[in-house]
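K.L.:
Below you will find the structure I want to go over with you.
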Amino acid sequence: KATILQEDEEDVVVEKSFRTTSFPGNGIEEVEESRGNSSSSSLERWVIKVEQSVNIFLTDSVIKILDTLYRDRDYARFFVLETIARVPYFAFISVLHMYESFGWWRRADYLKVHFAESWNEMHHLLIMEELGGNSWWFDRFLAQHIAIFYYFMTVFMYTLSPRMAYHFSECVESHAFETYDKFIKAQGDELKKKPAPEVAIKYYTGGDLYLFGVNSVITHVITKSNANEWFCIFMPISTENLYDVFMNIRDDEAEHCKTMKACQTHGNLRSPHSYEDGFEDTPDCMIPEADCEGIVDCIKKSLTPSQVKQIRTVERNR
């Protein structure tokens, strides 16, 4: 069944939120407008537009550089992409651990899912290494130094605005999906003649599929619906040849992209096991009174009580 689904390339769709009109936080803005805070809503939309414009500019700039350097060297390009793609997830984890260490708030589900995504990207990287994508020292040098810069940039961005950091990761994952999709369509016949790498076979069809399951099905529960379906779709994936492997990697990137989009709405992320165990945001895993998305959000929320009091005072005077 999994093989049949993989052969239908048109079934995989990556949802993009590059346009501010489709940003999932618009519901929050409508609530603010209903309370008479239209200026705050306009400011929020403007901030979102600026964040996404900066992210798109940065992503397009990196893509142009990679297109120039790796025009005819696919495996080396994939090695660089996978080295970069795994960075945001352990950058998110670093910041979340820092918040937990400071005693500000805890988000167990976010830690679990981001680690599963990092684990998935690490195996993509191992596959590209087995295919020889890291054979040149220049490719290793470039990928590793970009990753170092990308890590600190993501930590800084995630500390200020997780929404912006998640959107930037969505841009990166969307580019990765499109790159693999074009490669499969162009080289599909040749890939079907080549054997699958051993590391890919062990990862996609091995016995330890726990983290792969969390990574693969998170999109199905991220909207707080169909929470029980993750057991049904959790199954080994075919890896009969190199074509199957790249299909799996492409589909993984689609899952990452959709997850990053959903993460841009705070509180929208749950791991499958949270629903399985009937677990909700208990005081041990989240501190409501100190719950902020980042430094910018904390500053905004610190000003909210005074604004609410002013609105209530005006209403009483009326």
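The values are calculated or read from the model by the stated rules, or taken from the named source; none is laboratory data. Model, not experiment: these values are computed from the prediction. The area values use the complete protein model at the heavy-atom level, side chains included, leaving out ligands, DNA and RNA. Shrake-Rupley method; radii C 1.70, N 1.55, O 1.52, S 1.80 Å.
K.L.:
Ordering K194, K261, K112, K185 by how much accessible area each has at a 1.4 Å probe, largest first, what is the list?
P.N.:
On the way: K194 90, K261 40, K112 60, K185 120 Å².
So, going from the largest accessible area down, we get K185, K194, K112, K261.
K.L.:
Whole number please: convex hull volume per residue of the Cα set in segment 51-264, in Å³? Provide the component values of the computation, followed by the final result.
P.N.:
Working: hull volume 27.1 nm³, N = 214.
Taking only Cα atoms, segment 51-264 has a hull volume of 127 Å³ per residue.
K.L.:
Using the Cα gyration tensor of segment 101-185, with a ≥ b ≥ c the square roots of its eigenvalues, what is the shape: rounded (a/c below 1.5), prolate (a/b larger than b/c) or oblate (neither)? Present the calculation step by step, with values, prior to reporting the outcome.
P.N.:
Details: a/c = 1.91, a/b = 1.70, b/c = 1.12.
Prolate is the answer for segment 101-185, as a/c is 1.5 or above and a/b outweighs b/c.
K.L.:
Heavy atoms only, probe 1.4 Å: what % of the accessible area of segment 51-264 goes to carbon and sulfur, would you let me know? Before the final figure, lay out each step's value.
P.N.:
Numbers: 5670 of 9180 Å².
The C+S portion of the solvent-accessible surface of segment 51-264 is 62 percent.
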